[in-house]
Amino acid sequence: SDAICNFVICNDSSLRSQPIIFNPDFFVEKLRHEKPEVFTELVVSNITRLIDLPGAELAQLMGEEDPKLPGANSTASGFFRSLMSLKRKEKGVVFGSPLTEEGIAQVSQLIEYLHKNLRAEGLFRVPGNSIRQQILKDALNSGTDIDLDSGEFHSNDVATLLKMFLGELPEPLLTHKHFHAHLKIADLTLFDEKGNKTSTPDKERQIEALQLLFLILPAPNRSLLKLLLDLLYQTAKKQDKNKMSAHNLALMFAPHILWPRNVTANDLQENITKLNNGVTFMIKHSQKLFKAPVYIRECARLHYLGSRAHTSKDDLDLLTSSGSKELQPLKSQKRSRLDSCHQEETQQRTEEALKELFLHVHNMPDSAKKKKLIRQFNKHPTALTPGSDVPTSPAPRRTRSRSFSGLIKRKVLGTPVILERKSRDTTPEPVRVSKENVQLLQKCGSPAHMSQAKLKTLEGQKEGSCRRMRARLLSKDSSSL
């Protein structure tokens, strides 16, 4: 089934020696574009598994309600909103416009240039020349080609213009809908042995939650976010030259990519630290955040291929909780077949273990401990495992044992035990009983099979009773005469 992803038919001999690039998120992206509702339901169900989102915040994340942001009703926020709207009246192709693929293509020139100039001290912190920045901004808005390597512009000019572009977007790069979810991710911490919450961040759960949250970002936002975080990650790696650590970079970019638009520091108050630390965490772990979790990949692959692969318990729980019939991982026939094979293997291993155990007990010297173990064998029921029927070899009805130890003896010792039981519990062949003796046998409460001696006794009793009856009749006849 993986042949769809692993093989590429290429008729060009010059390209056959090139390595095949396999995208592990191929089916994830396919499901996102072809069935966005199913994809969103799958991802959001796992986000709510990691973080606690009340009904209103979940509705905002799903886009069912308008985001309720801090400081939305304050006078200061209204002033900043009107000020920003005045700045965005003259929208260009890039700056001040909603994020588009065309705008990303223009801005990517700035990111590519900065990758080559990461050693500049105070990069993103030291402002550039405002005149050169305006020239560069007009060129990007007009869509003209720019030669940044000509030496006309400084790296600080380009870095400041990149921040300006992000700050003039109608909403932050991580969108208003995701604001409350990012605050909850910052609160994910580890638990101690007693189950109490600690102050140590749970990095694994934070990475997983960010991976899921980034999956449901709009495609242009996700593309630019990946380019930006990779640039900041590479910048922080050269902090010995540029003096810009991941935390310093987070202070520069958190207001542009995560803070809600038109709010002040007073509106956010205690959340500022969470937001800044959240961006710091994104920069440090940027190389892991744009990979879909394994169970999301598996669900998307099973949705299209319908084959079973090695899935974990979390995968099966995810498929069950998604509530979508299209995401069922297995057909019922395959599942029942695999379950029966697993049951047979388990039963076989159990029988082998019981054989070894009984042989060990059987070979022990006679002692009180051995007798105690044998008594414990006799106390158990016949079934080895719940719901399993143990096949037994054909044996006479009288010699079949219903005890646990008898079952093991037949498995281990076979016919010798049965012969021994036969020699010990021999019974004579049953004798036919005539119809005349049926009533007498029922009165006596005897079994259906009687011995010869018992039958002769009963016959003698019958003859005696008959002689007494004749004597009584004769006495009655003589008295009448």
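The values are calculated or read from the model by the stated rules, or taken from the named source; none is laboratory data. None of these values were measured; they are calculated from a predicted model. In this analysis, Cβ positions are derived from the backbone assuming ideal geometry, glycine residues included, and neighbour counts consider all displayed protein chains. Heavy atoms of the whole protein, side chains included, go into the accessibility calculation; ligands, DNA and RNA do not. Shrake-Rupley method; radii C 1.70, N 1.55, O 1.52, S 1.80 Å.
Structural remarks
- Exposure ranking of H360, H154 by accessible area [1.4 Å probe, largest first]: H360, H154
- Nearest-0.05 FRET efficiency for K203 and E171, computed from C-beta distance (R0 30 Å): 0.60
- Expressed as a whole percent, the accessible surface of region 95-170 that belongs to carbon and sulfur atoms is 49, based on a 1.4 Å probe.
- FRET efficiency estimate (nearest 0.05) - Cβ-Cβ, R222 to L357, R0 51 angstrom: 0.30
- The residues E168, E352, E64, sorted by heavy-atom accessible surface at 1.4 Å with ligands and nucleic acids left out, run E64, E352, E168 from largest to smallest.
- Residues in region 95-170 average 46 Å² of solvent-accessible surface per residue, probe 1.4 Å, ligands and nucleic acids excluded.
- Potential extension, A56-E121 segment - 0.36 nm per residue separation minus Cα distance: 18.9 nm
- Set K163/K238; K35/K288; K35/K197; K197/K237; K116/K137; K30/K274 screened for pairs whose C-alpha atoms are more than 29 Å apart: K35/K197; K197/K237; K30/K274
- The label point for E37 and the one for F191, both projected 7 Å from the Cα toward the Cβ, are 3.6 nm apart.
- Applying the Karplus relation 6.51 cos²θ - 1.76 cosθ + 1.60 with θ = phi - 60° to region 171-178 yields 3J(HN,Hα) values of 9, x, 4, 8, 6, 5, 4, 8 Hz, where x marks Gly and Pro.
- Extension gain for the segment Q134 to K370, taken as residue separation times 0.36 nm less the Cα-Cα distance, is 75.4 nm to one decimal.
- The string of couplings for region 39-48 from the Karplus curve (6.51, -1.76, 1.60, θ = phi - 60°) is 5, 5, 4, 5, 6, 5, 4, 8, 5, 5 Hz, one whole number per residue in order, with x for Gly and Pro.
- Radius ratio Rg over Rh of region 95-170, counting only Cα atoms, Kirkwood formula for Rh: 0.93
- Entries in K203/K284; K68/K226; K177/K226 that, when Cα-Cα distance is taken, lie over 22 Å: K68/K226
- Stretched out straight at 0.36 nm per residue, the stretch from Y304 to D66 would grow longer than its current Cα-Cα span by 82.3 nm.
- Kirkwood Rh in Å, taken over region 144-226 so that all alpha-carbon pairs contribute: 16.0 Å
- Between the amide H of T189 and those of D202, distances stay under 5 Å, these residues lying 5 or more places away or on another chain, with hydrogens modeled in the peptide plane.
- M252 contributes about 50 Å² of solvent-accessible surface, heavy atoms of the protein only, 1.4 Å probe.
- Ranked by the mean number of other Cβ atoms within 10 Å of their residues, highest first, the peptides 234-245, 255-266 fall in the order 255-266, 234-245.
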